[in-house]
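In what follows, a single structure is set out as structure tokens and then discussed.
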Amino acid sequence: MAALYLVEQGATLRKESRRLVVEKEDKILLEVPEFKIDRVLLFGNIQITTQAIAFLLSNGIETGFFTLNGRLKGKLTPLESKNVFLRVFQYKRYLDEDFKLDLARRIVAGKVRNALVLLQRYQRNHPEEVDFAAETVKLDECLHALPAKTRVSTVLGVEGFAAAIYFEAFARML
């Protein structure tokens with residue numbers, strides 16, 4: 001199943017038979033059967049008819065309303081979700097401390113690796129302007145410190161330290 005992202009400003013989402021129709025200025029931009037989507041995300045100035053809302057709710061399709069910049073304004077959630085088994089699994093994972101610690105480590109490691117790559121790439125492309133050797137060493141130390149962390153809060157501490165190093169270096173790029 002997929003999410004339907006609507007970003008075409010001034011468009012209208014309406015229901016027609018067993019499908020959703022996106023139109024703008026009396027032109028149909030998209031038609032989607034209900035069974036192909038599990039959520040609808042509306043960004044900015046998108047209209048939605050009451051018939052479409054009732055259709056989404058009766059088919060268990062969640063709808064999110066966002067600003068044009070992607071900030072969540074609200075959600076339309078059916079009484080019965082299509083993803084009840086997913087939710088149960090998510091709640092079980094939430095209670096699993098080992099899983100949360102491993103996930104936190106992986107997310108922070110990815111963030112630190114990305115910061116390292118960006119600094120190394122910038123330095124390689126602008127060797128005469130900056131030297132990020134010290135920052136690179138500190139970020140590498142952050143990466144190597146992660147496996148020893150035994151609580152999510154200490155992993156977040158590493159993330160904060162790495163972010164401070166990265167943004168200090170980032171400021172020098174500007």
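The values are calculated or read from the model by the stated rules, or taken from the named source; none is laboratory data. Bear in mind that the values here come from a model prediction, so they are computed numbers and not experimental data. Neighbour counts run over all protein chains shown; Cβ positions are idealised from the backbone, glycine included. When the accessible area is computed, the model is the full protein with side chains, heavy atoms only, and any ligands, DNA or RNA have been set aside. Shrake-Rupley method; radii C 1.70, N 1.55, O 1.52, S 1.80 Å.
Check whether at least one residue in segment 143-150 is open to solvent by less than 80 Å² (accessible area, probe 1.4 Å) and among the β-branched types (Val, Ile, Thr), and report yes or no. No, every residue in segment 143-150 fails to be open to solvent by less than 80 Å² (accessible area, probe 1.4 Å) and among the β-branched types (Val, Ile, Thr). Between Glu128, Glu62, Glu97, the distinction of being touching a helix residue (DSSP H, G or I) at 6+ places or on another chain (Cβ under 9 Å), of a type in the set (Asp, Glu) and farther than 30 Å from Pro33 by Cα belongs to Glu97 only.
Restricting Arg93, Arg87 to those that are under 30 Å from Thr150 (Cβ atoms), modelled with pLDDT of 90 or more, within 20 Å of the chain's Cα centre (by Cα) and open to solvent by less than 90 Å² (accessible area, probe 1.4 Å) reduces the list to Arg93. Of everything in segment 33-46 that is modelled with pLDDT of 90 or more, open to solvent by less than 60 Å² (accessible area, probe 1.4 Å) and of a type outside the set (Gly, Ala, Ser), the residue that is farthest from Arg18 (Cα to Cα) is Phe43. Contact map, segment 124-150: residues that are more than 14 Å from Ala169 (Cα to Cα) paired with residues that are among the basic types (Lys, Arg) and surrounded by 10 or more Cβ atoms within 10 Å (Cβ to Cβ), Cβ distance under 8 Å, separation 6+ or inter-chain. Pairs shown: Leu143/Arg113; Leu146/Arg105; Pro147/Arg105; Lys149/Arg105. Look at (1) at positive phi; (2) surrounded by 14 or more Cβ atoms within 10 Å (Cβ to Cβ) and you find that Leu6 fails only one, number (1).
Within segment 64-99, the set of residues being more than 19 Å from Leu6 (Cα to Cα) and of a type in the set (Val, Ile, Thr) comprises Val84, Val88.
Condition check: modelled with pLDDT under 95 and open to solvent by less than 40 Å² (accessible area, probe 1.4 Å). Does Leu30 satisfy that? Quick ask: steps written out before the conclusion?
Details: modelled with pLDDT under 95: yes; open to solvent by less than 40 Å² (accessible area, probe 1.4 Å): no.
Answer is no for this residue.
Filtered by the rule that a residue be of a type in the set (Gly, Ala, Ser) and either surrounded by 14 or more Cβ atoms within 10 Å (Cβ to Cβ) or in contact (Cβ under 8 Å) with a residue 60 or more places away in the chain (or both), segment 9-27 gives a lone residue, Ala11. Among the residues of segment 47-75, those that are of a type in the set (A, V, I, L, M, F, W, C), open to solvent by 30 Å² or more (accessible area, probe 1.4 Å) and under 15 Å from Val22 (Cα atoms) comprise Ile48, Ile53.
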